[in-house]
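Structure record follows, encoded as structure tokens.
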Amino acid sequence: MGFRSFLHRLTAPRPSNKVTNASVKLVCVVNQSLKMGKGKIAAQVGHASVQAFLEAGVSHPSYVEAWLASGQKKICLKIPAGSSFEPLMKQAREHEIPFHLVRDAGHTQIPKGSSTVLALGPYDESALDGLTGHLKLL
């Protein structure tokens, strides 16, 4: 099996009978209190986006299909210093919204285990706006 076939097998959503017509996006919420550099933020958002996409492909394939078909809309927001990701994750669980929390490995700027980015989705845009509408753009 070639590398492209392997990658496709990992990332291609399984066809579903359920099709969503909702506007779909992926939201990445960055922990501003860690004072990460721009490159570190970019890397952590990348980790969060890829992992959220892979996990949602299993748990919410119709949303991933719609997201891929509509241009993979993404947005980055920031959580205020002193705030926690816990309330957002609790609401995501309650509404069955897929999410992934990135915890840093501690190899560079950030202490090991620090929560850096929370990715929500890909999921219905209006539902995500209900969870994150109070947050500011990064």
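Among the candidates GLN44, GLN72, which residue alone is modelled with pLDDT of 90 or more and not in a helix (DSSP H, G or I)? Can you show your working first?
Working: GLN44 fails: not in a helix (DSSP H, G or I).
Matching residue, one of GLN44, GLN72: GLN72.
Sort out which residues of segment 106-120 are of a type outside the set (Val, Ile, Thr) and closer than 27 Å to GLN72 by Cα, and write them in order of number.
As a first pass, look at segment 106-120 and keep what is of a type outside the set (Val, Ile, Thr): 106-107, 109, 111-115, 118-120.
Across segment 106-120, the qualifying residues are SER115, LEU118, ALA119, LEU120.
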I'm told PRO13 meets every condition in (1) loosely packed, with under 14 Cβ neighbours inside 10 Å; (2) modelled with pLDDT under 95; (3) assigned to a loop (DSSP other than H, G, I, E, B); (4) not β-branched (Val, Ile, Thr) except one. Can you identify the failing condition by its number? (1)
Long-range neighbours under 6 Å by Cβ, at least six apart or interchain, first residue over 17 Å from VAL30 (Cβ atoms) within segment 118-138, second crowded, with 18+ Cβ neighbours inside 10 Å and not basic (Lys, Arg): PRO122/VAL24; PRO122/LEU26; PRO122/ALA56; PRO122/TYR63; PRO122/VAL64; PRO122/TRP67; TYR123/TYR63; TYR123/ILE97
Going by the structure shown, is ALA22 closer than 20 Å to GLU96 by Cβ, touching a strand residue (DSSP E or B) at 6+ places or on another chain (Cβ under 7 Å), of a type in the set (Gly, Ala, Ser) and buried (at least 20 other Cβ atoms within 10 Å of the Cβ)? no
Tell me which residues, restricted to segment 117-138, are part of a strand (DSSP E or B), closer than 21 Å to GLU55 by Cα and not charged (D, E, K, R). VAL117, LEU118, ALA119, LEU120, GLY121, PRO122, TYR123
Anything in segment 75-103 that is among the charged types (D, E, K, R), in a strand (DSSP E or B) and without any contact (Cβ under 8 Å) to a residue 60 or more places away in the chain? List them, or say none. ARG103
I need the full set of residues from segment 53-69 which are more than 18 Å from SER126 (Cα to Cα) and either assigned to a loop (DSSP other than H, G, I, E, B) or within 13 Å of the chain's Cα centre (by Cα) (or both), in order please. PHE53, LEU54, GLU55, GLY57
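The values are calculated or read from the model by the stated rules, or taken from the named source; none is laboratory data. Given the structure is predicted, the values throughout are model-derived calculations rather than measurements. Every residue, glycine among them, receives a Cβ derived from its backbone with ideal geometry; neighbour counts consider all protein chains shown.
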